[in-house]
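Q: Shown below is the structure under consideration.
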Amino acid sequence: MIRNPIPWPNGAKCAVALTLDMDADSLIHISRPNDSFTRLYPISMGRYGPKVAIPRILNTYRRYNLKQSFFIPGWCLETYPDTVEAILMDGHEIGHHGYLHEDPVKTAGQQRVLFERTLELHKRVCGSKPRGYRAPIYNVTPEVIDLMIEYGLRYDSSMMADD
């Protein structure tokens with residue numbers, strides 16, 4: 001027996017949140033900083049998301065009148081502004097997702113600089129501060145949580161212990 005069931009619209013029995021990380025080719029640049037620009041296969045694979053997949057996803061969401069949250073690293077906001085603009089034009093949310101998909105655990109002590117850099121990119125590229133955050137590789141840290149609180153972000157999408 002469900003206690004205090006949530007009253008969903010139109011008699012629905014549940015709701016689903018669709019979210020997507022658009023990491024693109026940021027992953028190759030963080031994992032191979034010395035020679036990433038010469039590794040054409042992973043760069044090409046990473047570019048598939050913002051160049052091909054996201055436009056197809058947006059077309060599907062338009063057809064079904066769906067909205068979702070995209071979590072995008074700051075580097076990708078800079079590198080793929082046309083994709084970001086298309087996401088925003090369709091009314092989707094873009095959340096903070098690190099700067100270069102860096103692991104917050106491995107970059108402890110540098111998080112303030114990376115977090116603030118990405119906040120500034122959100123303001124410049126997206127036109128506003130993000131409402132939410134998802135840690136790259138889901139490694140949210142107390143340092144990042146403190147930054148989220150300090151800058152007024154409303155939620156974190158990194159932890160998975162509850163609905």
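The values are calculated or read from the model by the stated rules, or taken from the named source; none is laboratory data. Quick caveat: nothing in here was measured; it's all calculated off a predicted structure. Quick reminder, even Gly has a Cβ in these numbers, built from the backbone with ideal geometry, and neighbours come from all protein chains shown. For accessibility, only protein heavy atoms count, side chains too; no ligands or nucleic acids. Shrake-Rupley method; radii C 1.70, N 1.55, O 1.52, S 1.80 Å.
Q: Before we move on, is Lys106 under 19 Å from Phe70 (Cβ atoms), open to solvent by 70 Å² or more (accessible area, probe 1.4 Å) and assigned to a loop (DSSP other than H, G, I, E, B)?
A: Against the criterion (under 19 Å from Phe70 (Cβ atoms), open to solvent by 70 Å² or more (accessible area, probe 1.4 Å) and assigned to a loop (DSSP other than H, G, I, E, B)), Lys106 does not qualify.
Q: Being in a loop (DSSP other than H, G, I, E, B), modelled with pLDDT of 95 or more and open to solvent by less than 20 Å² (accessible area, probe 1.4 Å) is the filter here, so list the residues in the range 66-92 that pass it.
A: Across the range 66-92, the qualifying residues are Pro73, Tyr80, His92.
Q: Follow-up question, since we're still on this one. Can Val144 be described as within 16 Å of Ala24 (Cα to Cα), open to solvent by less than 10 Å² (accessible area, probe 1.4 Å), of a type in the set (A, V, I, L, M) and in contact (Cβ under 8 Å) with a residue 24 or more places away in the chain?
A: no
Q: Next question, about the same structure. Any idea which of Pro42, Pro33 is open to solvent by 50 Å² or more (accessible area, probe 1.4 Å) and modelled with pLDDT under 85?
A: When all the criteria are applied, what remains is Pro33.
Okay, residues lined up against (1) at pLDDT below 95; (2) in contact with a helix residue (DSSP H, G or I) (Cβ under 7 Å, 6 or more places away or on another chain); (3) more than 15 Å from Met22 (Cβ to Cβ):
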residue: Val105; (1), (2), (3): yes, no, yes
residue: Phe115; (1), (2), (3): no, yes, yes
residue: Arg124; (1), (2), (3): no, no, yes
residue: Lys129; (1), (2), (3): no, yes, yes
residue: Gly132; (1), (2), (3): no, no, no
residue: Pro142; (1), (2), (3): yes, no, yes
residue: Leu147; (1), (2), (3): no, yes, yes
residue: Asp156; (1), (2), (3): yes, yes, yes
